[in-house]
Structure formats: structure tokens, C-alpha cells
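Shown next, in C-alpha cells, is the structure this report addresses.
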Amino acid sequence: MSTIYFAPMVFESPSQYDATSYPPFAVTADVSLFTIRRSALEVLLIERRGEPYLGAWALPGGFVHPKEDLEEAASRELAEETGLEGGAWHLEQLAAYGAPDRDPRMRVVTVAFWAGCADVPTPRGGGDAAKADLVPVARIESGAVRLAFDHELIVRDAVERIRSRMEHTAVAAGFCPPEFTIRQLRQVYEAVWGASLDPGNFQRYVRKCGAFEQRVAPPLQDGFKGRPKRGRPASLWAARRTADGFPATTTRTLARPGDSTRTDASISAGNR
């Protein structure tokens, strides 16, 4: 049997690397944290305390420190600027944005993250943020609220990511309590998609798509002061998750209202 030899890999040593040969740039991390209030999709924003864009609304975020990774920086900035940390949400990387003129100070590349949760505690401004608040996404999409830098683009991309993933994963459950009714889940779809869904079609989808599992319904409660017991409470459901903790993928697609694309494995969310 012949022996195979591999040539050792040669790497440039730090002494042979001239960092000044490349233009300097910074890296930031920005967070789009979404929730649903008053039947509307809202995003967490901060009011900038300093220049550039003094007083403008922006996503919470900031520069990545030399010895921290991207998600760590995103979580730190979220806590510093809004007072929110350790919440019931999972930051997921969205995309990187690196247009040369996106920041007037210098060349800055940002890595954007997004998350959705059922309930966001009352935020409070801190650090570089004069204040923090939840703002309806519809006001950003309509142009009523303008954002600093390219944060409007980031929000729009994050919203589209959520809307598209709701068609074929259990990601919408992130906006619900750990256990929820089908009606609560449908209200999430309606708030994020901005359209009413047929209750019967939606219930069939949840039961057959494979991304949600039914939990035991709560027991009947005794009536008060001799009143008869009320009807059986609605069944509770939970999202299935992958081994990595991500929302499970469905076995069929729930097409958004207005989407003319249909396949054999898709279900229309509208009336039939």
C-alpha cells in the first residue's frame, strides 16, 4: 500500500502582514426585536442621543468590541440601550449591510439580527439612547416614521423574513406563549401578514402541517355560586422544534393572502 504525503500548509506570520495596506472599517451589530401589541406588529426602536442623526429613531445596536463575537455584541447593545436582557427571545442573524456610504462617520459594516417574542417588557433608554419604545411596523412601512442610517431597509428585510418563514415554519409561535390556542396563533398570522384568515382553513393547516403539536386541554372548571360549568376550553398547542432549537419546518405551505403561487402541498389562507 503506497503512502500519501501532504505538504504542510504555510500561513503568513503577523510580521509579514501589513494592516495599513487595507482601508480601516468598523463592525456594528443591530437588532430588530418584534412583538405584537393591540393586534399590530411592532418593533423596538431607540432615539439617538448623539450625532450622527441626533434625535432620530434607530434600531438598538452599536460597535462590536475587539474581544466579543457578533451575537454577544448584539445582546450587549440591546441591554445597554433598552434595558432588555435575558428575555424569552432568540437572536437570529438576518444579513450583513455594507454600503460604503451607509454611515457618515466612516466605513461601517453592520450585521443585523432579528427576534420575535410574545411580550416585550417596558424598555428604557440608556447608553447612546435617549429613550426606547415600541413602534408599529406599519408606520415605518408607510414612511410616517423615518429611521437613521439604513435601518428602514433592515426592518423591511427582517419583516419580510418573518412573513416568508411563517409560510413554511412554526416561527409564528415565537409571538405566542409557550402553549397557545389556534385562535391566538391565527391572530399572529393576521397581525404580521396584515390580512384576515379563514378560521376553518387555518385550523386544518395547523392540525395537518406537522410543525405544531397538540397539548392536553385544561380541565373543566366548576361554576361559581352554583352556576353550571361552561363549555370545554380550547385545546392548547405548542411549536415543534429542531434539535438545534429552531422552529420546525412544515410539511406544506400556508400561502399568504394575495400570493397567486400555489402548489399541491400548499393551503390557501383565504376563504374557499
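Data overview
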| item | result |
| --- | --- |
| Breaking point among (1) within 17 Å of Phe113 (Cβ to Cβ); (2) outside the structural domain of Thr251 (by TED's automatic domain parsing); (3) in contact with a strand residue (DSSP E or B) (Cβ under 8 Å, 6 or more places away or on another chain), for Val135 | (1) |
| Subset of the stretch 30-77 [among the hydroxyl-bearing types (Ser, Thr, Tyr) and at negative phi] | Ser32, Thr35, Ser75 |
| Residue ID - surrounded by the most Cβ atoms within 10 Å (Cβ to Cβ), chosen from residues in the stretch 38-84 that are free of Cβ contacts under 8 Å to residues at least 24 places away in the same chain and in a loop (DSSP other than H, G, I, E, B) | Glu68 |
| Tabulated pairs, the stretch 135-148, first in contact (Cβ under 8 Å) with a residue 40 or more places away in the chain, second surrounded by fewer than 16 Cβ atoms within 10 Å (Cβ to Cβ) and assigned to a helix (DSSP H, G or I), C-beta under 6 angstrom, 6+ apart or interchain | Val145/Arg139 |
| Qualifying residue in the stretch 165-176 (condition: among the hydroxyl-bearing types (Ser, Thr, Tyr), part of a loop (DSSP other than H, G, I, E, B) and out of contact with any helix residue (DSSP H, G or I) (no Cβ under 6 Å at 6 or more places or on another chain)) | no |
| All positions within the stretch 231-266 that are closer than 21 Å to Gln184 by Cβ and either surrounded by fewer than 11 Cβ atoms within 10 Å (Cβ to Cβ) or at pLDDT below 60 (or both) | Gly231, Arg232 |
| Boolean, Ala129 is of a type outside the set (D, E, K, R) and closer than 17 Å to Asp30 by Cα | yes |
| Matching residues in the stretch 85-114 - criterion: being touching a helix residue (DSSP H, G or I) at 6+ places or on another chain (Cβ under 6 Å), assigned to a loop (DSSP other than H, G, I, E, B) and among the aliphatic types (A, V, I, L, M) | Leu91 |
| Residue match in the stretch 134-156 (condition: under 15 Å from Ala239 (Cβ atoms) and assigned to a helix (DSSP H, G or I)) | no |
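Residue-by-condition table, conditions (1) at pLDDT below 95; (2) assigned by TED's automatic domain parsing to the domain that holds Thr110; (3) basic (Lys, Arg):
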| site | (1), (2), (3) |
| --- | --- |
| Phe149 | no, yes, no |
| Phe180 | no, no, no |
| Gln187 | no, no, no |
| Pro199 | no, no, no |
| Arg207 | no, no, yes |
| Glu213 | no, no, no |
| Gly223 | yes, no, no |
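The values are calculated or read from the model by the stated rules, or taken from the named source; none is laboratory data. Being a predicted model, the structure only gives us computed values, none of them experimental. For neighbour counting, all protein chains shown are included, and Cβ atoms are generated from backbone atoms with ideal geometry for every residue, glycine included.
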